[in-house]
1. Ordering Arg217, Arg376, Arg189 by how much accessible area each has at a 1.4 Å probe, largest first, what is the list?
2. Under a 1.4 angstrom probe, counting protein chains only, how are Asp371, Asp278, Asp354 ranked by accessible area, largest first?
3. Glu239 to Asn227: extension gain in nm, 0.36 nm per residue of separation minus the Cα-Cα distance?
4. Sequence-distant or interchain residues sharing an amide H contact under 5 Å with Asn68, placed H: which?
5. Specify whether the C-alpha gyration tensor of the range 43-202 places it in the rounded, prolate or oblate class, a ≥ b ≥ c being the square roots of the eigenvalues: rounded for a/c under 1.5, otherwise prolate if a/b is larger than b/c and oblate if not.
6. Please work out the C-alpha center-to-center distance from the range 139-171 to the range 344-379 and express it in whole Å.
7. Order the following by accessible area, largest value first: Cys282, Cys108. Probe radius 1.4 Å; ligands, DNA and RNA are ignored.
8. I need the phi-derived Karplus couplings for the range 173-187: 6.51 cos²θ - 1.76 cosθ + 1.60, θ = phi - 60°, integer Hz, Gly and Pro marked x.
Amino acid sequence: MSKFRRLSSSLVLLSAMMQGSSLRRVSAFATRLFAFPKSLHSPLYSTNTRGGSITPTDILKESMNIFNSSNITPRIFAGIPYWDTSQSNEFRVFFVLGGPGAGKGTQCDLLKDNYPCLHFSVGELLRNVPPESPHAQIIEETLVAGNIVPVEISLSLLKAAMEEQKSKAVYYLVDGFPRNYDNLQGWCRTMESVASVWGVFMFQCPFAELERRILERAETSGRSDDNIASAKRRFATFERETVPVVDVLRQVESVTRSNLSLRVMDIRGDQPLEDVWDATQCLMNQFILHDIVTANAHLLQAVAEGNGDLYMSLVAWRDDDDTQTVQQDCNATSFMTSHEGPCVPTRVSNGLIDFVNGKKVVVSYDRELADRESIRETRVWSHEGERGWVNIHFSRIPL
């Protein structure tokens, strides 16, 4: 009996998945899906410095390495371009920005619940600092005034929170940061060695809608800064200090535009919630794709090279099994070949990816086996916490 944990029979499982209303599909032929949305932005400008003030050009120079591509290799699998992320071991971060009440926290919560993500709200970290903290008073006064907390305080809290959750997620959502040039400089100084910023979710929302949402939220939030006066100050601060930071990050994207660079992605936050979530999912799927295809490519590589240990690290066992027991009962390579066939290189083409949800994805492709038999192979991948992406089911149909 197969050691794979089966969801149901092949036909029932795949039929149900293909008919799901929330399913997202990526085809090898739809290469335009891999051209990440490019936001419009004004040209980078330089200003005269006064008293040593920083210019956008200075910030741009410091931010050029904010996306660390040294451990990522662009590849193609079955016609699908992807980044091989198997050697990527730093924190993979998304900045989540928008005016007060733009829906950042709501979308982060949805991503955390539906994708392998962790959500870190810098604002919440600051608001939850205990009263006995030496920074408590300055944080409270700064938030009520609608100003920005010193970067040293914000980053010390954020880094500690991320370290506590290390290896428990694929992506780390940093909500409400960086808010100004000082924040971005601080990140570049202290976080570039441990984190790589893959993208920026920028939720755009007009002030009238932000004001309405904040007044509605104030009825239950208990937050000291949920009032009209604070909201106006916070929005003015956002326009004056945060928007220019996003403009610099757009320039980083423009200058480094290639297969490997961060993406700045604008989402209309004043749409109905389901439409905002739809847009957010479509963008996140483009990043999750890299991990899924990397896993599938490495599984086939393990089969071709006869690497039983690598293969077993990428497949799921039944609930009453574990990898150690299986390794004791049989040779890993023999087990692999009994399920997959001969250990020889095979060719793949016509790749297709279906997102059932953020933690379950179907990959299918045409594959030529050792005896030159052609099949359509389909593999279901599931994110299993600490283990990451594992293959929980596969099926083959002759062509």
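1. Arg189, Arg217, Arg376
2. Largest accessible area first, the residues go Asp371, Asp278, Asp354.
3. On the way: separation 12, 0.36 × 12 = 4.32 nm, distance 1.81 nm.
Full-extension gain reported as 2.5 nm.
4. Sorted by chain and number, the residues that satisfy this are Val197.
5. Details: a/c = 1.90, a/b = 1.26, b/c = 1.51.
Verdict is oblate for the range 43-202.
6. 42 Å
7. Reading off the accessible areas and sorting them downward yields Cys282, Cys108.
8. For the range 173-187, the Karplus-derived couplings read 8, 9, 8, x, 7, x, 9, 7, 4, 4, 4, 5, 4, x, 4 Hz, x marking Gly and Pro.
The values are calculated or read from the model by the stated rules, or taken from the named source; none is laboratory data. Everything numeric in this text was worked out from a predicted model, so none of it was measured. For neighbour counting, all protein chains shown are included, and Cβ atoms are generated from backbone atoms with ideal geometry for every residue, glycine included. Side chains are part of the model used for accessible areas, which takes the heavy atoms of the whole protein and leaves out ligands, DNA and RNA. Shrake-Rupley method; radii C 1.70, N 1.55, O 1.52, S 1.80 Å.
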